[in-house]
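Everything on this sheet refers to the single structure shown next.
The values are calculated or read from the model by the stated rules, or taken from the named source; none is laboratory data. Keep in mind the model is a prediction, meaning the values are calculated, not measured. Positions of Cβ are backbone-derived with ideal geometry, glycine not excepted, and every protein chain shown enters the neighbour counts. Protein only, heavy atoms only, side chains kept; ligands, DNA and RNA dropped before computing areas. Shrake-Rupley method; radii C 1.70, N 1.55, O 1.52, S 1.80 Å.
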Amino acid sequence: MVIKSHENSVSAWAFLIGIVLAIIAGIFTRGSTDPIILIAIVAMGLIMGYFVAEKEVQTFLFASVAAVLASFAGIQGLATNVALTGITVSGIAIGKIMISVLGTLLFLFVPATIIVAIKTVFSIAKV
């Protein structure tokens, strides 16, 4: 029988719920996301960052910074492309949906990354 570690279960659930909520909010709101949903996504990000295990900090920071940079670059590139061409498929503005999803993912990952980075700095500063 496999014994599972539960030290990261809160962070894992916050991550899963946050990702699903961010993607659903991005798809269905198309750029005009309700502030309450954004606050919930930010709260999931804060919870996710707070409960990251110390042994996983380096991996989490590397992955989350990559996600933040990719989302930001994607938003910039898609915003330029949508402004120039107006990507639509069957009347659905695909470009705006993708920009919205990437934006909500930023609302999830930026707070989590900041919390983990602050925790790491404080752990380094301990004497």
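List of remarks:
Residues checked against (1) open to solvent by 60 Å² or more (accessible area, probe 1.4 Å); (2) under 18 Å from G18 (Cβ atoms); (3) in contact with a Pro (Cβ under 9 Å, 6 or more places away or on another chain); (4) at pLDDT below 85:
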site: S64; (1), (2), (3), (4): no, yes, no, no
site: T80; (1), (2), (3), (4): yes, no, no, yes
site: T85; (1), (2), (3), (4): yes, no, no, yes
site: G91; (1), (2), (3), (4): yes, no, no, yes
site: I97; (1), (2), (3), (4): no, no, no, yes
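- Test: residue in segment 49-61 that is outside any helix (DSSP H, G or I) and either open to solvent by less than 40 Å² (accessible area, probe 1.4 Å) or charged (D, E, K, R) (or both): yes
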